[in-house]
Structure formats: structure tokens, C-alpha cells
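What follows is one structure encoded as C-alpha cells, with my remarks underneath.
The values are calculated or read from the model by the stated rules, or taken from the named source; none is laboratory data. Small disclaimer: the values here were computed from a predicted structure and weren't measured. Cβ placement follows ideal geometry from the backbone for every residue including glycine, while neighbour counts extend to all protein chains displayed. Remember, those area values only see protein heavy atoms, side chains included, never the ligands or the DNA or RNA. Shrake-Rupley method; radii C 1.70, N 1.55, O 1.52, S 1.80 Å.
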There are 2 protein chains.
Amino acid sequence: MTQRFEFALSARDGRARTGLIKTPRGDIRTPAFMPVGTAATVKAMMPENVRATGADILLGNTYHLMLRPTAERIDALGGLHTFMNWDRPILTDSGGFQVMSLSGLRKMSEEGVTFKSHIDGSKHELTPERSMEIQRLLGSDIVMCFDECTPFPATEAESLRSMQMSMRWANRSRAAFGDRPGYALFGIQQGSVFKDQRAESAEKLREIGFEGYAVGGLAVGEGQELMFDVLDYAPEMLPDDRPRYLMGVGKPDDIVGAVQRGIDMFDCVLPSRSGRTGQVFTRRGVLNIKNARHQNDPRPLDTECRCPACQHYSRAYLHHVFRSQEIISSMLLTWHNLQYYQDLMSGLRAAIAAGDLATFVADFHATRALGDVEPL
Amino acid sequence: MTQRFEFALSARDGRARTGLIKTPRGDIRTPAFMPVGTAATVKAMMPENVRATGADILLGNTYHLMLRPTAERIDALGGLHTFMNWDRPILTDSGGFQVMSLSGLRKMSEEGVTFKSHIDGSKHELTPERSMEIQRLLGSDIVMCFDECTPFPATEAESLRSMQMSMRWANRSRAAFGDRPGYALFGIQQGSVFKDQRAESAEKLREIGFEGYAVGGLAVGEGQELMFDVLDYAPEMLPDDRPRYLMGVGKPDDIVGAVQRGIDMFDCVLPSRSGRTGQVFTRRGVLNIKNARHQNDPRPLDTECRCPACQHYSRAYLHHVFRSQEIISSMLLTWHNLQYYQDLMSGLRAAIAAGDLATFVADFHATRALGDVEPL
């Protein structure tokens, strides 16, 4: 096993790429989907079962973990991997995005951001330096630069000011991260929907130099069409030989479109959150298990899925336990959704490797367009 | 595998017994603890993991299942075993106890009981005949007679009236059950804390004849001392060559004392419910994971336990996920508690087989008396 963080592409199909990120904690097959383990758990899942779906890497949330149980406590307990019983790679975000979306009173300055915890109102500070320290204490394998996720919509001037501050923070993040062989620091491109700003941001990040690069500031309400517009140019501004990560994306068709545009890594709460709200991803689209049409249906959610929900339970059972608010409903539906996502990534990787992504994508859309199986 | 319901004792130690119930769906090692799967799920557990703890049989609740998803629906879907993915034996209660404790407006007569659903207020009827029908539709392997669980305290006259009605219902249950090879019907002894009434009830049940017998009307608020007083005489009034089941019991020391008094089967929501409220059973007694003393503790809940919670997670992690109200907290703590209960039963069986129950029980109490490990 490697002692360094490495990335090697093995095939391309158009702008799409497939390859392998090597880390001391294990390999990550790309394009990769990272399940979100916000508070040191992928909700409703045992980590060995997350792994069984095909996940090579998890995402942890710096904001949540710094507040509870705290990074210092996790460090004292041996790091996040040991704490949550996941020995493979972990990527952590910088905390900045969730400070803005979740915390109470907050104040931003060039230095960083001060805010109040949404849990107990206690006061905290995040700066590039503190974010690097927290992510190091957690033991994160892939560390994200501390940045400001520019809100959407933003004027050109607002976006420029925000992006340029994020680039200064990227510089401070790189300096604070230091020399840590085997660990990676990813820079985050900003610039909203403005091509020249995306170019400026990419240029600044390349000057600093990172082990990987994220496309930030998307999936924040701009819609798929505008997101794809940006992805038509933004990823290729970033180094070709480093992994490209589209943060917080997304729905299955978002992922497919982004892979076609050269993205290698994704994370999203959608499969796990949907598992708890009864929304189910299948090859034939999305279904809601709460719907009465499933009440007497002995069929599985998805005949092609190998997850336990599909192998051992009927739609009728899943409907029953969802309506009865039984915990096994969240367990089974989350497992299924994560399996669906990993199967999608696996299919994309194989198609790119075979040079046949267009067929795969056409089939993906055609099968979804069929809609769910007819009611019995 | 047997096509009949059979019971064979293999060893005795004092009044305690160990043996094997054979059913077409698998063997049940006695003394046995049955996890409760109220609404077609042992809450927060996958059935294969319930099995992995050592459970040979589950209990299902007729009252809950008849209301949602309904017995007829479960029957149409292939029965409760298929529905909930548990292919081993299932015992169902008669529904009577939970009608009295959970339902709204209810009216009891010699015929049976009418009541309103606690879920949607719909009106339902349970009689001995309907209870037998529901339990047959569910596909239950061990069916319980429809009875009235005499409340505690009851006057001698109240208890007598209640017990005698239950015995008439036992007669009707036996008639309605019919001839079903491979399935068992258990009679339920009543009589509250009155020895002569327990004797009369046992005599009536023996006249009718059942595949097994429950001691009913205990664990309803009378306390352990009074319960053990009754168990000092009630079980041996029942046939020696049939399994004896103490319904709704109980705490670990209740189980140990009841096994010493000749009980073969138990069920209780305590291990699973406690798993969701943070109460943890260990060899050194009960602990509450919510307590701040666990916040930095890298040690397992119980060093002798082989469950995933103890093998892979610290008290600090379990404290964190409990405080964060993460689903994995219920999953891990329930698994642990069920493992603890099954390990206790396994220890009891081995001790009886070895003719050394007294030593086992002394050690059980002595280890609990130590209390939890010292805080670090």
C-alpha cells in the first residue's frame, strides 16, 4: 500500500475520466461517490455496510464534529477513523459552508468567521488555520481549504470579492496545512457563474498547488442547467492530472452530467436523507414508499439491486415499516439508496473504461424515463 | 428437521431445566429469551443480526399487527416470517394484553372484547376465535390462548372471576385452533397471587391439554418478591414435560430467579427498548450511556461481550451518538443489550447442563454487585 497520496487516470471517454486515488488508507475508485457521515456516522448505517455498498471513502463534517464531540476529543480517542470504526479514507469539509447554513449569529472578516453553535449557543471561531488544525486532529485523509461558498445569486462584484478572499484563505490553508505526506489538501475553485472569475480562481489555486481541486459554489440553488453550463468550462481550468471534486452534488442525473464534464468525486446527503424520508432511488426513477400503491406489493424496490432491502423485503413491508415509523425503515431505505448510488458510480466507471459512456448514459436516461413499474 | 412440535428436557438442576423445543422452523434452546418484534421488526435491528445474538425465536404482537398492516395483508404476502425476513420460529401473543394497555374505548364481555385502535380510532373485536384466526393468518408457530391478564392488585373474587373466564376462553381457543401439526397452542395460567386459583387454573388447562403452558398475570406491578413467591409454586402445577413460559419477563435478575424456579421461556421489550433510551445491560450491572462519565472513555461497554458495540466502539463514541440522537446509537445499544440477554440465557443453559447453576447464579449476582468499572 502506498505511503503517498497519488492519483492516476486509467481511461477517458470524452471529457469523462476514470482512475484511482491511492492513499495510505486505501484506494478510491473514480468517479467516486462519498456518503456523508456528518456526526461520525452515516445516519442509520453500520460502517461495514456502507463499505459493502462499494463506498471507498466517507465525508465528515468539520462544523458538526468541532462542536460535538469536538476535534480535541476525537484526537484523544485516536482520531475519527478509530472513533467511528471506518479505517478507509475520510474527506472532511472545512466547516465554512455549514457555519453559514446552520449556525446562529455569525460575523465574517478577512481573518475568518466567528459564530454561535446551533447546539448550545456557545461561541466559536473558524479561520483557515483553525480549520486546518481541526481537520488534522480529526485525522482526515483529504482536507479541504477553508473558503467562503459564494451564495447564489451573487453579483459579479460580490462574487469577485468572495472568490478573492477565498483565494487568500486558500493560501493561508496551504501554509497552515504544512508538509503531511500521505494526506492531501484540496483547493476550492469559486467564481459563481462567471467564467473569467472561475479562470482567475483556478489560476490562483494552480499557483499555490494542491493535491486535488474542488469546484465549489455550485449546487446552491442555481439549477441543473446553469450548473452544467459552468461545468462545461470550470473543471478543465483545473489541473488535468489531479482529482476534481464537485462538492455537495447531487441527484443521480446531476452526477451523470458532471461525470460527462470531467468530475471525479462527489458527495451528497441525498441518498441517506432520502432514506429517512421514504424517497427511494431506483433504476426506473424515484419512488415514495409512503404511497398507498405499495401497500400490497410483494415486489422489491428495484429488481436489479443486490441490497438487503431489495433481496429480502417487499415494497409492502417497506411501506409498512415506514408508515409505522420503525427504525428499520431508515436502515433499509438508506442502505438501498447508497447501494443505488454506488452501483451508478460503478456503472459510470465501467462505461468510461470501456469507452462506451454515451450508451450507458442513454440507457440511464431511458430506463428512468420508463418510470416505476406498473401497480399490480 | 421435525414436522411436529416437540419438547425434550436434557438436564435439570434443582427446579431449573434445560432442553430443546423442536419445530418445523427450527429448534429453540431452553431456557430461551424471545426478543420482541412488535410491528414485524425488532426495533433498530436487522433480523439476521437478532439471529446472530443467539435468538432462536421472536415474539410478534397480534394487537399491533392486526391493526397495521393487518393479518389478512400479511397472509396475502406469504405470512409473517416472509414479510419480516425471519425464517425461524415466531410466537405471537393473543392481543388481549395490549388491547387492555394500549387501545382506546374498550368493552369486555363473555364473548370477547371490542375496542378502538390507538392508531386511527377504528373499531375492532377480539374473541378467542378471532385471535386464533389472526395468529393462523400470521403463520405463528406458537400461538397463545386468548385470555384476560388479571390486573394487579385484584381481590380474590375479581381474580377468580377473571381466571375462570380465561379458562372458558382457553377452551374456546383450543377448539378454534383446531388440528395443526407442527404448530403449538399454549394455555395461560391465571389466578393472580392466589395459590388455590393458580391450582384451579392449571387443572383446567391440563384437562384441555396444550403443547405448552404460560404463567400469566405476573410482571404486572407486583414486584419481584411477590412474583418469585408465586413462581415458587405456580410452574410446577403445570405439566413437567411441556415448556413453561413466563410472559413479559423481564430484568436479568428476574429471568435468573425464574429459571431457578422452573421457567423455560421469556420475552420482554426491556433489552430493545432500553437500547433506544441509552440504558445498557452489562455483566457489571446497568449503565446509562448518557452519563457524562462516558464522554472521554475509550473502553467498551462490557469487556466480555462480543457484540459490535463492544468490539468496535468506545463508550465515548456511544455517548456521542446517543447525545447526538443518531440512529446508530439505537442500533448498537439494542444489539448489545440483546447480545447480553442471549449470553445470559446461554450461560444459564450451560450451567444447568453442568449441574452447576448455583455457582453461575452466585457469580452473576457477585459480578453485578461490583457495579460499573471505575471512571478513568
Counting only residues in the range A:306-321 that are buried (at least 20 other Cβ atoms within 10 Å of the Cβ) and outside any helix (DSSP H, G or I), the one farthest from the other protein chains (Cβ to nearest Cβ) is identified as A:307
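Closer than 25 Å to residue A:55 by Cα, open to solvent by 50 Å² or more (accessible area, probe 1.4 Å), assigned by TED's automatic domain parsing to the domain that holds residue A:222 and of a type in the set (Phe, Trp, Tyr): does that describe residue A:152? Reasoning before the result, please.
Values: closer than 25 Å to residue A:55 by Cα: no; open to solvent by 50 Å² or more (accessible area, probe 1.4 Å): yes; assigned by TED's automatic domain parsing to the domain that holds residue A:222: yes; of a type in the set (Phe, Trp, Tyr): yes.
Against the criterion (closer than 25 Å to residue A:55 by Cα, open to solvent by 50 Å² or more (accessible area, probe 1.4 Å), assigned by TED's automatic domain parsing to the domain that holds residue A:222 and of a type in the set (Phe, Trp, Tyr)), residue A:152 does not qualify.
Please pick out the residue among A:67, A:91, A:137 that is touching a residue at least 24 places away in the same chain (Cβ under 8 Å), within 14 Å of another protein chain (Cβ to nearest Cβ) and either within 24 Å of residue A:179 (Cβ to Cβ) or not hydroxyl-bearing (Ser, Thr, Tyr) (or both). Break it down into steps so the answer makes sense when it comes.
Details: A:91 fails: within 14 Å of another protein chain (Cβ to nearest Cβ); A:137 fails: within 14 Å of another protein chain (Cβ to nearest Cβ).
None of the others qualify; the one that does is A:67.
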Positions within the range B:19-32 being open to solvent by 20 Å² or more (accessible area, probe 1.4 Å) and in contact (Cβ under 8 Å) with a residue 40 or more places away in the chain, in sequence order: B:24, B:25, B:29
Of the residues that sit in the range B:322-331 and are open to solvent by less than 60 Å² (accessible area, probe 1.4 Å) and in contact (Cβ under 8 Å) with a residue 12 or more places away in the chain, which one is nearest to the other protein chains (Cβ to nearest Cβ)? B:327
Looking only at residues in the range A:53-102 that are open to solvent by 40 Å² or more (accessible area, probe 1.4 Å), modelled with pLDDT of 95 or more and not in a loop (DSSP other than H, G, I, E, B), which one is farthest from residue A:117 (Cα to Cα)? A:82
Criterion (part of a helix (DSSP H, G or I), among the β-branched types (Val, Ile, Thr) and away from every other protein chain (no Cβ under 14 Å)) met by exactly one of B:334, B:303, B:359: B:359
Looking at the range B:103-118 only, could you name the residues that are more than 21 Å from the chain's Cα centre (by Cα), assigned to a loop (DSSP other than H, G, I, E, B) and under 26 Å from residue A:329 (Cβ atoms)? B:104, B:117, B:118
Residue list for the range B:202-246, restricted to those being free of Cβ contacts under 8 Å to residues at least 60 places away in the same chain and among the basic types (Lys, Arg): B:204, B:206, B:244
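Does the range A:47-103 hold any residues that are of a type in the set (Ser, Thr, Tyr) and in contact with a Ser or Thr (Cβ under 7 Å, 6 or more places away or on another chain), and which are they?
Selection gives A:62, A:92, A:94, A:103.
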Would it be correct to say that residue B:281 is crowded, with 22+ Cβ neighbours inside 10 Å, within 13 Å of the chain's Cα centre (by Cα) and part of a strand (DSSP E or B)? no
Say we look at the range B:220-230 and pick out the residues that are assigned to a loop (DSSP other than H, G, I, E, B) and open to solvent by less than 50 Å² (accessible area, probe 1.4 Å); which of these is farthest from residue B:158 (Cα to Cα)? B:223
Among the residues of the range B:33-44, is there at least one that is open to solvent by 20 Å² or more (accessible area, probe 1.4 Å), away from chain A (no Cβ under 14 Å) and part of a strand (DSSP E or B)? no
Meets criteria (assigned to a loop (DSSP other than H, G, I, E, B), within 11 Å of chain B (Cβ to nearest Cβ) and either surrounded by fewer than 23 Cβ atoms within 10 Å (Cβ to Cβ) or not aliphatic (A, V, I, L, M) (or both)) for residue A:297: yes
Based on what the data block shows, is residue A:121 surrounded by fewer than 21 Cβ atoms within 10 Å (Cβ to Cβ) and under 25 Å from the mean Cα position of the chain (by Cα)? no
For the range B:257-292, what are the residues that are among the charged types (D, E, K, R) and within 14 Å of chain A (Cβ to nearest Cβ)? B:273, B:276, B:290
Give the residues of the range B:115-128 that are of a type in the set (Ser, Thr, Tyr) and at pLDDT below 95, sorted by residue number. B:117, B:122
What's the number of the only condition in (1) closer than 30 Å to residue A:279 by Cβ; (2) surrounded by 21 or more Cβ atoms within 10 Å (Cβ to Cβ) that residue A:257 fails to meet? (2)
The range A:173-185, subset open to solvent by less than 40 Å² (accessible area, probe 1.4 Å) and free of Cβ contacts under 8 Å to residues at least 60 places away in the same chain, residue nearest to residue A:266 (Cα to Cα): A:185
Based on this model, can you work out whether residue B:193 counts as of a type in the set (A, V, I, L, M) and assigned to a loop (DSSP other than H, G, I, E, B)? yes
How many of the residues in the range B:186-219 are surrounded by fewer than 24 Cβ atoms within 10 Å (Cβ to Cβ), closer than 17 Å to residue B:15 by Cβ and polar (S, T, N, Q)? 0
